[in-house]
1. Consider segment B:150-173. How many of its residues are surrounded by 22 or more Cβ atoms within 10 Å (Cβ to Cβ) and over 17 Å from B:Trp234 (Cβ atoms)?
2. Among the residues of segment B:223-240, is any surrounded by fewer than 18 Cβ atoms within 10 Å (Cβ to Cβ) and without any contact (Cβ under 8 Å) to a residue 12 or more places away in the chain?
3. Those residues that are within 8 Å of another protein chain (Cβ to nearest Cβ) and in contact with a helix residue (DSSP H, G or I) (Cβ under 6 Å, 6 or more places away or on another chain), I need them from segment B:24-39; list them, please.
4. When you scan segment B:40-61, do you find a residue that is at the interface with chain A (Cβ under 7 Å from one of its Cβ atoms) and either assigned to a helix (DSSP H, G or I) or among the small types (Gly, Ala, Ser) (or both), even just one?
5. Scanning for something in contact with a helix residue (DSSP H, G or I) (Cβ under 7 Å, 6 or more places away or on another chain), small (Gly, Ala, Ser), away from chain A (no Cβ under 14 Å) and under 30 Å from B:Arg153 (Cα atoms), does segment B:232-248 turn up at least one residue?
6. Only one of these is assigned to a helix (DSSP H, G or I), over 12 Å from the mean Cα position of the chain (by Cα), of a type outside the set (A, V, I, L, M) and more than 10 Å from chain B (Cβ to nearest Cβ): A:Glu18, A:Glu14, A:Glu91. Name it.
7. Output the residues belonging to segment B:6-39 that are more than 17 Å from B:Val182 (Cα to Cα) and outside any loop (DSSP other than H, G, I, E, B).
Amino acid sequence: MRPYLRDKKTFTFEEIPEDTCFEAGYLVTENSGWRSVTPKIDAQACIGCSQCYLYCPDGVITIQDKKAVIDYDFCKGCGICSKICPKNAIEMERAI
Amino acid sequence: MRADQLDKNEYFYGHKACAGCGGSLAVRAALKVLGERSIAVLPAGCMSAVGFNFPQLCFGNNAIISMFAGTASMLTGVEAGMRRRGYKDFHAVGLAGDGGTADIGIQALSGAIDRGDDILYICYDNEAYMNTGIQKSGLTPYGARTTTTPAGRNIRGNIRPKKNMFEIVAAHDIPYAATATVGYINDFIDKVEKASKIRGTKFIHVIAPCPTGWGIPVSDTIEVAREMADCGLWYLAEYENGKFTLDRDPGEFKSAEAHLRRQGRFKHLTDEDIDLIIKSRDEKWEKIRREWK
């Protein structure tokens, strides 16, 4: 489980909670629009060593079947994964 | 702790921190270790500003914003309340910035250590009040340019050294205190895990570079954090059972000058200023190597 995007994106005034409690992990917007460069993983070169997964500040990388997979909805394109990768398997491309 | 032993869930996700934020990595890693049964208390600061933008609520566990000065006192209350209601096996964890720890929240922290409350206090140190636009805090290092310590012809940035928060906390004779850096995340994760198993007050001081405030490219956060430990401007140590131990001796230091010069906040420093920083580093390390073996 991780905080995830909900369908409903607008709140009426009545729906806004009066007290300061609300559901944890309730997301309504993506962060993908922040990117100017996008990490692309070379699945051939990736050895699934988990370094990018460990160092991603946004936690968007998961290791599935021993390969890194990126959740592009929330990747901000900082490029830390590309620098940390011991196999240089992550290329930053100028594209959203 | 190996990467595959970590909790696969993410508890700090979709937040609005700047790209390459070191602080958000520290919070994310700490919560992955502590898990769902942890109650996070965050004072005013970057991580509360980027995590709770209603209705974008980025914490997957219970999290609450405290008063700026009251991180540790709210942790005391959270821990006591949970215990009173019969909950077991939970963690009350505070995630405060350097200003909220070393300046504004220091008396609450000191009080909590004094009472011996069973809490974990993590200070993510980005070396200034970054949330409000880079003002000097007690943990801003000597020479750093901030908006309140600008670099001019006569005074070049911050004229005061970094407050020694780790040793201030250790002087309380706390059960466990440690320093860490996001540059060596496995070391940080191990320390959070170790702290989570100790009863009593625990404190971890983790260096978390801020690309915006430090004037570094967003992709260099980890590299700069590592370099800071490798060139001796930060140290990885622990305090336990009344004893200091140095976890990692870099031996021959990497160039501190190159490390400082690559950061925008130190661009204005003269060679003499850098010599002064290196001299104080060498004095500090002489003491560390002599006493903390």
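Please treat every number below as a calculation from the coordinates, not as lab data. Worth saying up front: this structure is predicted, and the values here are computed from it rather than measured. Quick reminder, even Gly has a Cβ in these numbers, built from the backbone with ideal geometry, and neighbours come from all protein chains shown.
1. 1
2. No; the residues of segment B:223-240 include none that is surrounded by fewer than 18 Cβ atoms within 10 Å (Cβ to Cβ) and without any contact (Cβ under 8 Å) to a residue 12 or more places away in the chain.
3. Result: B:Leu25, B:Ala29.
4. Yes: one or more hits.
5. yes
6. Result: A:Glu14 is the single residue among A:Glu18, A:Glu14, A:Glu91 that is assigned to a helix (DSSP H, G or I), over 12 Å from the mean Cα position of the chain (by Cα), of a type outside the set (A, V, I, L, M) and more than 10 Å from chain B (Cβ to nearest Cβ).
7. Selection gives B:Ser38, B:Ile39.
Yes or no, residue by residue, for (1) in contact (Cβ under 8 Å) with a residue 40 or more places away in the chain; (2) closer than 20 Å to B:Gly45 by Cα; (3) of a type in the set (D, E, K, R):
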position	(1), (2), (3)
B:Ile65	no, yes, no
B:Thr71	yes, yes, no
B:Ala80	no, no, no
B:Arg84	no, no, yes
B:Lys88	no, no, yes
B:His91	yes, no, no
B:Asp98	yes, yes, yes
B:Ile104	yes, yes, no
B:Leu109	yes, yes, no
